[in-house]
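These notes are about the structure you will find just below.
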Amino acid sequence: MPKLAKRGVWCGPSDAGRDKQSVRSFVDQIERAGFNLVVMELKHGGGSLSWPSHRFPEAVSERAREFDLPAVLLEECRKRRIELHAWMIDYFEGENGAAYKAHPEWAALDARGNPTSCETLRRKRYGATWMCPARRPGYTDQWLVPLYEEFATLYDFDGIHHDYIRYPGDLAPDQYCFCDYCLEQLPRYAGYASEAFPDEPFYHRSYDRPYLEAHWEESPRVLPANWESLDRTSKSRFLLEGSFFQGGRNDLDFFFYQYRIEAVAEFARMAAEAVRRARPAMKVSAAVFKNPVHSGRFIGQDWRRFIGLVDELMPMDYRSHYPGDFETHLALLRESILSQQVWAKGFKALYPGIAVNFLYFEEEDAGRPCKGEKLARAIETVAETGVEGMMIFAASLIERYGVWDAAREAFGRYS
Ligand SMILES: [Zn+2]
């Protein structure tokens with residue numbers, strides 16, 4: 001019989017309440033349901049923080065000024081031997097967030113120079129601001145990394161948990177980032193012109209090979225001769241759609257995607273280094289997308305690059321990321337996890353995550369009651385792959401769908 005040694009749940013501050021007693025009852029409930037890992041959201045999508053940060057007091061939420069949730073939560077989890085991670089939303093910020101207000105230049109920009117907040121998603125103004133992962137100095141080195149280092153210094157949590165460690169793919173997979181920094185840096189990163197001979201085209205001695213692209217090793221100047229006089233939109237278009245060789249294949253998107261993948265992986269490296277410097281035993285976990293080959297192309301998240309930088313992988317194998325009905329989903333979920341087990345070989349742990357709400361599409365559409373059976377079957381599907389643990393999103397949804405007992409019973413069979 002397979003065993004789920006680690007049983008984790010993603011939670012938010014409102015689940016835990018605002019005083020010692022409410023935190024205590026919340027952790028009691030988690031424990032009763034059979035969980036032994038809590039991942040608590042402490043850096044939020046709007047940009048605010050749920051701990052009394054000394055380094056960035058302007059980002060501290062109203063509630064965290066009055067109540068030190070991480071300190072109390074840590075105490076309660078320790079008593080019950082429940083592992084505790086601090087869930088940080090990385091590159092997704094708020095228009096009214098302290099970081100964006102102080103440094104609008106750190107935001108990711110599209111080819112027209114607009115931040116993501118100006119995009120339209122499902123007929124509504126998007127509103128949220130994604131920050132540029134690559135920019136230096138910028139949001140990565142001036143905000144995220146110092147924040148995580150501070151958190152690791154202040155609190156003896158078992159782990160720091162990355163989320164939104166990526167570019168904005170659900171919104172616009174290919175449109176970011178073309179900020180001033182990236183327009184300069186991407187050509188430098190990809191070696192599109194020589195520093196010593198910036199205007200030299202470096203044509204090949206002779207084009208004597210059967211394919212134009214076969215002449216690549218001499219590193220010709222890739223940027224067009226009129227590069228300096230082009231506007232942002234045209235530069236951006238070239239960087240995404242242009243050709244390495246004049247007259248060659250439109251292959252520059254390869255370098256654009258690589259640049260993003262490396263920017264995200266470099267952040268993972270800096271964050272791991274800072275956290276381990278502050279507290280060597282602290283782990284790093286991350287919520288990632290189900291297929292790193294796909295997410296590398298679409299959102300700069302090829303998490304195979306996180307080996308050594310993230311200890312515990314928590315793929316969000318939510319039903320909303322799969323097509324088909326519930327049975328199809330379970331079959332595809334199994335298939336995903338089997339692939340993830342291969343990709344995740346260099347990591348210390350793989351804990352696939354399922355989301356409660358999306359299991360119940362049919363019931364919600366038909367207005368039928370949501371029974372615990374679907375959650376139990378999803379847990380069973382994950383457990384039967386032989387992984388050592390799993391995650392459930394989220395405590396508030398377990399509550400809303402009334403499936404605490406279903407979780408407890410299903411975990412009981414695998415613990
Ligand atoms: Zn940028």
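The values are calculated or read from the model by the stated rules, or taken from the named source; none is laboratory data. Here the structure is a predicted model, which means the values were calculated and not measured. Positions of Cβ are backbone-derived with ideal geometry, glycine not excepted, and every protein chain shown enters the neighbour counts. Note: accessible area is taken over every heavy atom of the protein model, side chains too, but ligands, DNA and RNA are not part of it. Shrake-Rupley method; radii C 1.70, N 1.55, O 1.52, S 1.80 Å.
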Open item on the list: Placing unit charges on C-beta atoms (Lys and Arg positive, Asp and Glu negative, everything else neutral), compute the dipole magnitude of the chain about its Cα centre in debye, rounded to 20.
Closed with: 800
- [ ] On the full set of protein chains, 1.4 Å probe, figure out the accessible area of Tyr181 and give it in Å² to the nearest 10.
- [x] 50
Task: Values of log10 I(q)/I(0), in the order q = 0.19 Å⁻¹, for the range 1-152 under a Debye, Cα-only, solvent-free model - done: -1.09
Open item on the list: Explain nothing, just the number: relative contact order of the chain, from Cα pairs under 8 Å at least 6 residues apart, as a whole percent.
Closed with: 18
TODO: State, as an integer percentage, the relative contact order of the range 41-185 based on alpha-carbon contacts under 8 Å between residues 6 or more apart.
DONE: 27
Open item on the list: Please list, ordered by chain and number, the residues whose modelled amide H lies under 5 Å from the amide H of Val60; skip anything fewer than 5 residues away on the same chain.
Closed with: Leu49
Task: Where labels lie 7 Å past Cα in the beta-carbon direction, separation of Lys345 and Thr153 in nm - done: 4.0
TODO: Calculate, in nm to one decimal, what Phe254 and Arg334 gain on full extension: separation in residues at 0.36 nm each, minus their alpha carbon distance.
DONE: 25.7 nm
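Report the per residue volume, in Å³, of the convex hull enclosing the C-alpha atoms of the range 283-415.
111
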Task: Isotropic mean projected area of the C-alpha convex hull, the range 108-193 (nm²) - done: 7.4
TODO: Obtain the radius of gyration and the Kirkwood radius of the range 265-355 from its C-alpha atoms and give Rg over Rh.
DONE: 1.02
Task: Residue-span extension gain [Tyr203 to Asp365] - 0.36 nm each, minus C-alpha spacing - done: 52.1 nm
Task: log10 of Debye I(q)/I(0), alpha-carbon scatterers only, for the range 15-83 at 0.12, 0.19, 0.26 Å⁻¹ - done: -0.32, -0.74, -1.14
TODO: Multiply the residue separation of Asp325 and Ser117 by 0.36 nm, subtract the distance between their alpha-carbon atoms, and state the gained length in nm to one decimal.
DONE: 71.6 nm
TODO: Between Asp199, Asp251, Asp174, find the one with the highest GNM mean-square fluctuation for the chain; connect C-alpha pairs within less than 10 Å.
DONE: Asp199
TODO: Run the quick spin-label model on Glu105 and Lys79: label points 7 Å from Cα toward the beta carbon, then report their separation in nm to one decimal.
DONE: 5.0
Task: Cβ-derived FRET efficiency at R0 60 Å, Ser219 paired with Asp19, nearest 0.05 - done: 0.45
Task: ³J(HN,Hα), Karplus 6.51/-1.76/1.60, whole Hz, each residue of the range 393-401, x for Gly, Pro - done: 9, 8, 3, 5, 6, 4, 5, 4, 8
Task: Whole-angstrom Cα spans of the chain along principal axes, big to small - done: 73, 48, 44
- [ ] Considering only Gly47, Gly248, Gly191, give the residue with the highest GNM mean-square fluctuation for the chain, with springs between Cα atoms whenever their separation is below 10 Å.
- [x] Gly248
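At a threshold of 8 angstrom on Cα-Cα distance, excluding pairs fewer than six apart, so keeping six or more, what relative contact order does the range 177-286 reach in percent?
The value is 21 percent.
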Task: Within the range 156-305: Cβ-based charge dipole about Cα centre, in debye rounded to nearest 20 (Lys, Arg +1; Asp, Glu -1) - done: 560
